[in-house]
1. What's log10 of I(q)/I(0) for segment 2-69 at q = 0.27, 0.28 Å⁻¹, Debye sum over Cα points only, no solvent?
2. Give me E94, E81 sorted ascending by neighbouring Cβ count inside 10 Å, so fewest comes first.
Amino acid sequence: MMELLTQLWTPEVKMAVMAVLAVLVILYALCIVWVVRDAYMRGARWYLWAVVAIVPVLGPIVYSIMRPPLMQMDRNEQELEIALKQRQLMKYGECGSCGYPVEADYVLCPQCHTQLKNLCARCDRALDPAWTVCPFCATPVAPAGERRAVRRRAAAAAVEGANNPRAEFASEE
Ligand SMILES: [Zn+2]
Ligand SMILES: [Zn+2]
């Protein structure tokens, strides 16, 4: 048996085995380099993954299973995109009752005339229904129930105020 092995262990076979070993060593090194590079680009702790990658075969496999799913650059881009979309949504929305596309500062839906925004009683700017204070002039916004009364009162005051200054309180219920 030993004789057979020494007979087979020719310089050619030795060369071939050495070549295979060299390729394996290069592959091993490349695997570590790939893991470190990939972990770095994905924003993971690359120095920890480098230690894992030192384990031959198993290390890179474990890394490819457990690596973070997104590249750091992609993630930044995605965050930017989400932020941009949110800003666009803030600028453009759709009418709650008919779905018509409306811009953020529309007060009425141009199609179905639904009230989309409230107007500040003091500076007349469009206010989001969720706001409790006017961000332009710091006037507190009345809660939803009171709003209609306030608007009616303001309108009445504007109309009647010209004729009779004391009429302002007449329209209160
Ligand atoms: Zn509408
Ligand atoms: Zn205001």
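Any read-out appearing in this document is the output of simple, stated calculations on the displayed coordinates, not a laboratory observation. As the structure is a prediction and not an experimental result, all values here were calculated from the model. Backbone-built Cβ (ideal geometry, glycine too); neighbour counts: all protein chains shown.
1. -1.07, -1.12
2. Placing the least packed residue first, the sequence is E81, E94.
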